[in-house]
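Chemist: I'd like to ask some things about the structure below.
Every read-out reported here was derived from the displayed coordinates using simple, explicitly stated rules and does not represent laboratory data. All of these numbers come straight from a predicted model, not from anything done at the bench. Positions of Cβ are generated from backbone atoms using ideal geometry, with glycine treated the same way; all protein chains shown enter the neighbour counts.
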Amino acid sequence: MDFEDTAEEARFRREAREWLQTHAPRYAPPAGESDAEGFALLPLARRWQTAKAEARYARISWPEAHGGRGGTAMDEVIFEEEQRRFALPPDPFGISLGMCIPTMMQWAEPQVAERFVRPALRGEEIWCQLFSEPSAGSDLANVRTRAVRDGDGWIVSGQKVWTTGAHVSDWGTILVRTDPAAEKYAGLSYFWFNMKSPGVEVRPIRQASGHAAFNEVFFTEVRIPDAQRLGAVGGGWKVAISTLMNERMAVNEADIANITIDDVVRMARRPGWTGGRPIDDPAACAQIATLYACSMGVRYTRYRMLTQLSRGGLPGPEAAIGKLALARNIQDMAAFAMEMRGPAGIIDDRGGDPDLAAMQEAWFYSAGLRIAGGTDEILRNTIAERVLGLPQEARVDRGVPFNQLTS
Amino acid sequence: MNFDYSEEECALAEQARRLLAERAPPSLIRALLEGEGRDRAAALWTEVSALGWPAIAIPEAHGGLGFGHVALCALAEEVGRAMAPLPMLPSIYLAAEAIATGGSEAQKARWLPRIALGEIVGTAIVGASVSATATGNRLTLPATLAPFGAEASIAVVAGRDGAWIVDLGQAGVVRTAVRTIDQSLPCATIAFDRVETEPLQMIDAERILARAAVLVAFEQLGGADACLDMALGYVRERRTFGRVVGSYQAVKHRLADIYVANQLARSNAYYAAWALSADAPELALAAATARVSATAAYELAARENIQLHGGIGFTWEADCHLHYRRSRVLAQILEPVETWHRRLAAALDREGVA
Ligand SMILES: Cc1cc2nc3c(=O)[nH]c(=O)nc-3n(C[C@H](O)[C@H](O)[C@H](O)COP(=O)(O)OP(=O)(O)OC[C@H]3O[C@@H](n4cnc5c(N)ncnc54)[C@H](O)[C@@H]3O)c2cc1C
């Protein structure tokens, strides 16, 4: 058990800190204008991303050939920790770099992946992930968007929904049904494609928070070349699962919300609505302690997993702990922080008090976070079945051709 | 950074787990609740003392093994898993830790080798509410609860006005055994009437509590995991309405929640183990976090373990109530969790997050 940096880690931390001190302050976001997803400040976020990419801090653990540094996962954590000290625009490139590009690197021809890695890393090109549909969310394999063979390509028709960032995306990865007569999980295929293709129509959806960061995407006879297929025809499910594994490992507090427990503590140390400091009040202490223990528990659980990885282990289903615990904790933290302001905590305070505005934003966003990327309930199922070995949920959709399922 | 037990620490834990499964089975704990089995518990202490358990983190210079605090944490986890009826908490986590960290060279030389051998057992009366009054080197204390208070040879006493070591073999010490909700961890009250003391100069009650809290968190962690394992074992077998209980989603989700709570508590405990072993300035915050997390996890796991067993879980014969008892005792014995909430918040306030 050793929490100190190794000599190399310490060197990397110093280097990262110096670099951040010189560069980060230039990208501080204007007060009150950010959204949790990061699209409101896209131009600023892009400039920051380019600066990081040029200094090879954009994806530290990627190979040097892909613009990374061939660093360890621990180096990524170190950079995150150092970066957390600065006010920076929220990161809208998480789906591009955390899901789509890793899937491309794993499944596409190397020269094809090569073409896309750099522009994505620099924030010049954005990717979105088109998995969910009106009748396929938790039950993702229920996708109905059809792809029909047409010479050396496919004609895609149907609808995707909840697609984060589709309105600003250049490229997308999509899961479609290529064989409705096959069993549900066997009739799927996976493609990458140009979001500007004829027949793709993106309609922003207004979210509970009022922003519109996700979209409906309609496909009317969109042509996708067969060369843009990832994995086998009918092998799309396997590719989708590999994407979702990337998603699970990506979760950490600073990445998925713009607030951390530090922000809650900072607010608790200032006078609350009654004049006294919340941190001096026993009832508030109980909440702060519980929130803090959860935040740190998630942070250190991630470090434990990284230790396993560094010893040659693989990320397992227990990675679901992070998002499950964190999304709820962010919701609790944000509500508690708003309460510290008393009745005034409900005043929409964008542009006024940046601390409160960030908490309100997180309070909305966390409600979506408990759904996005695997709902709380689905993650509990995953833990119960794949970690604790309990029986699977009853299934009626196995072994039946998709087009004979009643749903 | 390396955030796991080493191979040696794993081996130690594994050995302890096997030994305790054999020598400290639930039947022994249940016997102790009924006032029997004390001799078996004492024999177990002799046996593990010979294996060096009390000596693990005591420095070699003072008759210990000097394996370090992470090894002691790994061992504490196994003691907690088995609910072993050993005086590790009062004698090692509290008394030995206090003397090793805050004692003079003479005090260490006098007491630590004997504690390390398991020859004598120490206890401790520590906390802001301890109302010990000192006049010169004489100490007076109203009757106060102490784990293994009847068996102990010495006590570390620490309150608002100082910390002391008291030899319990002298006149003026009055001990009265008390029944608690968990007789497998016996307690007594101890009172002093102007007894002779030696001051412990380099430590205060808060530091003694912080160090012990980390070690107790590992016991709580072991207990919480034992509850999860018990519950899993049961729901995999028990059938209702033609299917195993563990296939119901309400049950699966509850077990997933327990698993998550246990894992978060484990991670917080690991961080605290590091802070303890490195005597890092973060120890106060890390210890409070580990304590809050582990207390909540053990309590949840112990309660739900009874629940998931149904009626049988509420019987004397089932082992569930042993953890239900132990989880409550460990929650309260080092001052209740509410005081740790305050400690945690105070530590955050002191560290002054920007
Ligand atoms: C903010 C946000 C961003 C998103 N971004 C994207 C994106 O970029 N790309 C994309 O493809 N999708 C995206 N999604 C969609 C997301 O993946 C789905 O919303 C999610 O998987 C849930 O699916 P659903 O909405 O169809 O809800 P449903 O699956 O219909 O679930 C409804 C309720 O039933 C529960 N439930 C369902 N099945 C079970 C079960 N087996 N056991 C217990 N409970 C169950 C759920 O937990 C939920 O509470 C996003 C969603 C949100 C909220």
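Chemist: Compute the signed sum of charges (Lys and Arg +1, Asp and Glu -1) over the other residues within less than 14 Å, Cβ to Cβ, of B:L51.
Modeler: Details: positive: B:R17, B:R18, B:R23; negative: B:E14, B:E22, B:E47, B:E78.
Every neighbour counted, the sum reads -1.
Chemist: Return the loop-located trypsin sites (Lys or Arg not before Pro) in the stretch B:84-186 (DSSP other than H, G, I, E, B) with at most 14 other Cβ atoms within 10 Å of their own Cβ; answer none if there are none.
Modeler: The qualifying sites are B:R160, B:R179.
Chemist: Taking the Cα centre of each part, how many Å lie between the stretch B:92-133 and the stretch B:292-354?
Modeler: So the two Cα centres are separated by 26 Å.
Chemist: Hey, another quick one. Which value, to two decimals, describes the C-alpha radius of gyration of the protein assembly as shown once divided by 2.2 N^0.38 Å?
Modeler: The protein assembly as shown yields a ratio of 1.06.
Chemist: Tell me which DSSP H helices of chain B clear both cut-offs, 30 Å or more of axial length from alpha-carbon atoms and a mean Kyte-Doolittle hydropathy of at least 1.0.
Modeler: Values: long enough: B:205-237 (47 Å, 0.63); B:249-277 (41 Å, -0.04); B:283-309 (38 Å, 0.45).
Span-like helices, by this rule, are absent here.
Chemist: Considering only B:G102, B:A152, B:T180, whose Cα is most displaced toward the positive end of the charge dipole of the stretch B:7-199, charges sitting on Cβ of Lys, Arg (+1) and Asp, Glu (-1)?
Modeler: Checked the options; the winner is B:T180.
Chemist: Report, as a whole number in µm² per second, the diffusion coefficient that Stokes-Einstein gives for the stretch B:17-165 at 4 °C and 1.567 mPa s using the Kirkwood radius over alpha carbon pairs.
Modeler: Details: Rh = 16.1 Å.
The calculation lands on 81 µm²/s.
Chemist: Next up: At q = 0.10, 0.12 Å⁻¹, work out log10 I(q)/I(0) for chain B with the Debye formula, treating every Cα as an identical point scatterer and leaving solvent out; two decimals please.
Modeler: Results for chain B at q = 0.10, 0.12 Å⁻¹ read -0.59, -0.85.
Chemist: Averaged over B:242-255, how many beta carbons belonging to a partner chain fall within 10 Å of each residue's beta carbon? Walk me through the numbers on the way to the answer.
Modeler: Details: counts 0, 2, 2, 2, 5, 7, 3, 7, 0, 2, 10, 7, 2, 6.
Other-chain Cβ atoms within 10 Å of each residue's Cβ, averaged: 4.
Chemist: What dipole magnitude, in Debye to the nearest 20, does the stretch A:7-92 give about its Cα centre under +1 on Lys/Arg Cβ and -1 on Asp/Glu Cβ? If you can, show how the numbers build up before the last one.
Modeler: Details: 13 positive and 15 negative charges, 58 e Å.
So the magnitude is around 280 debye.
Chemist: What does the extension gain come out to for B:V173 and B:R238, with contour length at 0.36 nm per residue minus their alpha carbon separation?
Modeler: Numbers: separation 65, 0.36 × 65 = 23.40 nm, distance 5.28 nm.
18.1 nm is the gain from fully extending B:V173 to B:R238.
Chemist: Starting from the Cα coordinates of chain A, work out the convex hull volume and express it per residue in Å³. Present the calculation step by step, with values, prior to reporting the outcome.
Modeler: Details: hull volume 64.4 nm³, N = 407.
It is 158 Å³ per residue.
Chemist: Can you tell me the length gained on complete extension of the stretch A:A227 to A:A65, counting 0.36 nm per residue apart and subtracting the Cα distance?
Modeler: On the way: separation 162, 0.36 × 162 = 58.32 nm, distance 2.36 nm.
Working it through step by step, the gained length comes to 56.0 nm.
Chemist: Less than 13 Å Cβ to Cβ from B:R160, Lys/Arg counted +1 and Asp/Glu -1: what total charge do the surrounding residues give? Write down the numbers at each step before the final one.
Modeler: Working: positive: none; negative: B:D161, B:D204, B:E206.
Surrounding charge for B:R160 is -3.
Chemist: Based on the Cβ-Cβ distance from B:M202 to A:L244, what FRET efficiency comes out when R0 is 45 Å, to the nearest 0.05?
Modeler: Values: r = 54 Å, r/R0 = 1.20.
Taking R0 as 45 Å, the efficiency between B:M202 and A:L244 is 0.25.
Chemist: What are the semi-axes of the equivalent ellipsoid for the stretch A:251-387, taken as the square roots of 5 times the Cα gyration tensor eigenvalues, largest first, in whole Å? Spell out each step's value before the answer.
Modeler: On the way: eigenvalues 190, 51, 31 Å².
Those come to 31, 16, 12 Å.
Chemist: Counting only Cα atoms, I'd like the Rg/Rh figure for the stretch A:7-92, Kirkwood definition for Rh.
Modeler: On the way: Rg = 13.1 Å, Rh = 13.4 Å.
When Rh is taken as the Kirkwood radius, the ratio is 0.98.
Chemist: Next up: Measure nothing fancy, just the Cα-based angle from helix A:282-310's long axis to the longest principal axis of chain A, in degrees from 0 to 90, nearest 10.
Modeler: Helix A:282-310 sits at roughly 50 degrees to that axis.
Chemist: Largest first and in whole Å, give the semi-axes of the stretch B:205-351's equivalent ellipsoid, each being the square root of 5 times a Cα gyration tensor eigenvalue. Please report the intermediate quantities before stating the final value.
Modeler: On the way: eigenvalues 217, 42, 25 Å².
In descending order the semi-axes read 33, 15, 11 Å.
Chemist: Additional query: Could you pull the Rg and Dmax for the stretch A:111-229, using just the Cα atoms, both in Å?
Modeler: Calculated on Cα positions, Rg and Dmax stand at 14.3, 45 Å.
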